Amino acid sequence: MKSKHRFLVVLFFLLPLCEPAFSAMITGYFSHREEIGAEDTYHPENTPVLFVTATAYSSTEDQTDSSPFTMASGKRVYDGAIAANFLPMGTKVMLPETHGRKVFTVEDRTHRRFSDRIDIWMETREEALQFGIKRIAIQIL
C-alpha cells in the first residue's frame, strides 16, 4: 500500500477517537444500513467510509480528452465506472446515498486539481448535469 493511502487509512481509524462529533456522524450514517438492503454477509460497519465531493461526467471531448470513450485504465466507458485520483485503479466502492447498493469501480482519473473528488461516468451530458455536485459518503469495499 502506498504511503499516501496508508496515511488515509490510519487517519480514518484515528479521527473518530480524536473527534467525538465525527464518530457520532459515522455511527448515525450506519444506523440506516437496513434502508440500503444490508444482507447477513454484508457488514458496512467493517468497510472504510470517506466523505468526498461527487460530480458526474459524460463522454464528450470538452469534459475528457480527445478519446472520450477510453478511460485511464484503457477500458471503454461503462455504467458503474468512476474517476478518482485518491483511490487505486480497480478499487470497488459504493455510493449508498445516491446509488444504493450499486458497486462502482475506479477506472479513470480526474484532473490533478481534483484530488479529493470522485467523478461518476454517465451516458449523457443531461444526466451528468442533473446529478450536479454533492458531498457524499462513499464506502470502500
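Here, each number is a calculation from the coordinates, and none is a lab measurement. None of these values were measured; they are calculated from a predicted model. Cβ coordinates were reconstructed from backbone atoms using ideal geometry, including for glycine residues, and neighbour counts include every protein chain displayed.
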**Estimated vicinal HN-Hα couplings, Hz - the stretch 96-105 in sequence order (Karplus 6.51, -1.76, 1.60; Gly, Pro = x)** = x, 5, 10, 9, x, 8, 5, 9, 10, 10
**Request:** Work through the residues other than LEU129 whose Cβ is under 14 Å from its Cβ and net out their charges, Lys, Arg +1 and Asp, Glu -1.
**Result:** -3
